[in-house]
Amino acid sequence: MDYKVLMLKKLRSYPKRINHTLNVLERALELGKLYNASLEVLEVASLLHDITKYHTKEEHLNLVKDESILKCYDESLHHSISAYYYAKEIGIKDAKILEAIRYHIWGKVEMNLETMILVVSDYTEKDRKFKEAKTAYKIAKEDIVKGYLYIMEKTMEYLIKNNINPHKEQIKVYNYYKEKCKGEIDARKNS
Ligand SMILES: [Fe+2]
Ligand SMILES: [Fe+2]
C-alpha cells in the first residue's frame with residue numbers, strides 16, 4: 001500500500017496537516033539516518049501519525065471500540081490512539097510502526113528509538129516557528145534522548161503555566177528518561 005497516497009487522500013481537506021505530515025517525515029528520515037534507525041518504520045509511522053486527527057468523537061470510538069480507553073486521555077490525544085487502531089485495520093503489523101504511532105505525543109517508558117525520533121520530529125519539523133522547537137532540534141542532532149527530554153521539559157512547563165495537569169503517564173515517562181539520562185552522565189563521570 002502507498003501510505004503517502006493514502007495520507008494525501010485522507011487529509012485532502014487539511015492542507016496544513018498534509019504539510020505538517022510531510023515535514024515530520026522529512027525530519028524523521030533525517031534523524032533516522034543520523035541515529036541508524038529503521039527508515040521504513042519512520043516513513044510509515046510519520047505518514048500515519050496524524051491520519052485520524054480530524055475524526056469526530058464517534059469516528060475515534062468506531063476505531064478504538066473501547067470508550068474507557070479514550071476517557072483516560074484529553075480529547076487532543078485521541079487521534080494518537082485511533083491512528084494506532086486505524087493502522088492495524090489497514091493491515092500494519094510491524095510493532096515498531098504501531099508503537100511509534102500510538103505514542104507519538106510523549107513516547108513511553110523503554111520506547112523504541114523510532115518512537116522517540118517521531119516524538120522529536122513532530123515537535124521540531126521545519127515549520128514549527130517557536131524557539132523551543134529550534135533548540136530541541138539542535139540538541140536532538142547531538143543527542144536524541146537529550147532532545148527528547150528537552151521537549152518533555154518544555155511541554156511540562158507549558159502545561160503547568162496554563163494550569164493543565166500533565167497526564168500521569170507523561171510524568172512517568174519524563175521521570176524515567178530523566179533518571180536514565182542522569183545515570184548515564186553519572187557513569188561517564190565515574191569512568
Ligand atoms: Fe499528533
Ligand atoms: Fe503531528
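Name the single residue, out of those in the range 71-107 being aromatic (Phe, Trp, Tyr) and in a helix (DSSP H, G or I), that is surrounded by the most Cβ atoms within 10 Å (Cβ to Cβ).
Tyr84
Tally up the residues in the range 64-103 that are within 15 Å of ligand 2 (Cβ to nearest atom), farther than 12 Å from Ile51 by Cα and touching a residue at least 24 places away in the same chain (Cβ under 8 Å), please.
2
Could you check, for the range 128-135, whether at least one of its residues is more than 14 Å from the chain's Cα centre (by Cα), among the polar types (S, T, N, Q) and away from ligand 2 (no atom under 16 Å from the Cβ)?
Yes, the range 128-135 contains a residue that is more than 14 Å from the chain's Cα centre (by Cα), among the polar types (S, T, N, Q) and away from ligand 2 (no atom under 16 Å from the Cβ).
Find the residue count for the range 118-140, including only residues that are in a helix (DSSP H, G or I), away from ligand 1 (no atom under 15 Å from the Cβ), open to solvent by 10 Å² or more (accessible area, probe 1.4 Å) and of a type outside the set (Ser, Thr, Tyr).
5
Could we say that Thr155 is closer than 24 Å to Ser82 by Cβ, of a type in the set (Ser, Thr, Tyr) and part of a helix (DSSP H, G or I) here?
Numbers: closer than 24 Å to Ser82 by Cβ: yes; of a type in the set (Ser, Thr, Tyr): yes; part of a helix (DSSP H, G or I): yes.
Considered against the rule, which asks whether it is closer than 24 Å to Ser82 by Cβ, of a type in the set (Ser, Thr, Tyr) and part of a helix (DSSP H, G or I), Thr155 comes out as yes.
Considering only residues that are of a type in the set (Ser, Thr, Tyr) and within 30 Å of Asp143 (Cα to Cα), look in the range 37-70 and name the one that is surrounded by the fewest Cβ atoms within 10 Å (Cβ to Cβ). Before you say what the answer is, go through the steps one by one.
Let us first name the residues in the range 37-70 that are of a type in the set (Ser, Thr, Tyr), namely 38, 46, 52, 54, 56, 68.
In the following step, the residues that additionally are within 30 Å of Asp143 (Cα to Cα) were identified as 38, 46.
Working: Ser38: 18, Ser46: 32.
Out of the qualifying residues, it is Ser38.
The values are calculated or read from the model by the stated rules, or taken from the named source; none is laboratory data. As the structure is a prediction and not an experimental result, all values here were calculated from the model. Cβ coordinates were reconstructed from backbone atoms using ideal geometry, including for glycine residues, and neighbour counts include every protein chain displayed. Just the protein is used for accessible areas: all its heavy atoms, side chains included, with ligands, DNA and RNA removed. Shrake-Rupley method; radii C 1.70, N 1.55, O 1.52, S 1.80 Å.
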